[in-house]
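Taking it in order: structure first as structure tokens, then the write-up.
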Amino acid sequence: MLQPHLDWPREQSLGTRIDVSHTAATPPAFTITVDVRLEKVDGRKLTFSLAAHDGADRISEGTHERYVIDVERFNAKVTAKAALRKS
């Protein structure tokens with residue numbers, strides 16, 4: 001969903017938080033539909049709302065938070081952190 005809006009592959013996104021409720025059971029063979037909406041952009045932080053429906057009931061709703069990252073910068077930080085463990 002985000003990839004067309006990013007400078008791919010230099011920019012990517014990663015999830016940092018998810019808060020989802022489960023409000024109804026779904027029998028086998030039902031089709032689940034999930035609606036997702038971008039609610040807020042705060043710099044690099046993106047906040048989405050979501051709602052899932054099984055054709056009979058709303059079965060879930062919640063929020064999901066992602067950050068747009070610069071892959072080179074992110075990988076450099078991870079590599080530097082990994083080097084601390086080797087020391």
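I'd like to compare 26-37, 46-57: which one has the highest average count of other Cβ atoms within 10 Å, and what's the full order after that?
On the way: 26-37: 9.8, 46-57: 15.6.
By packing density, highest mean first, the sequence is 46-57, 26-37.
Remind me, relative contact order of the chain in percent, using alpha carbon pairs under 8 angstrom and six or more residues apart?
Computed value for the chain: 33 percent relative contact order.
Compute the accessible area per residue over region 26-87, keeping the other protein chains in place, probe 1.4 Å, unit Å². Could you put the intermediate results ahead of the total?
Numbers: 4670 Å² over 62 residues.
Spelled out: the 1.4 Å probe surface of region 26-87, per residue, equals 75 Å².
Suppose R0 equals 35 Å. What FRET efficiency, 1/(1 + (r/R0)^6) with r the Cβ-Cβ distance, do GLU65 and ALA24 give to the nearest 0.05?
Efficiency for this residue pair is about 0.90.
Pairing the Cα long axis of helix 71-86 with the longest principal axis of the chain, what angle in degrees results, from 0 to 90 and rounded to the nearest 10?
So the inclination is approximately 70 degrees.
For Cα Rg over 2.2 N^0.38 Å, which listed value, (i) 1.03; (ii) 1.46; (iii) 1.16, comes from the coordinates shown?
Of the listed options (i) 1.03; (ii) 1.46; (iii) 1.16, (ii) comes from this structure.
Using a 1.4 Å probe on the protein chains only, how many percent of the accessible area of region 1-53 belongs to carbon and sulfur?
53
Under 16 Å between alpha carbons, and skipping anything fewer than 8 positions from LYS81 in its own chain: which aspartates and glutamates qualify?
GLU72
The values are calculated or read from the model by the stated rules, or taken from the named source; none is laboratory data. All values derive from a computational prediction rather than experimental measurement. Virtual Cβ from ideal backbone geometry, glycine too; neighbours counted across all protein chains shown. The protein model used for the area step is the full one, side chains on, heavy atoms only, and it has no ligands, DNA or RNA in it. Shrake-Rupley method; radii C 1.70, N 1.55, O 1.52, S 1.80 Å.
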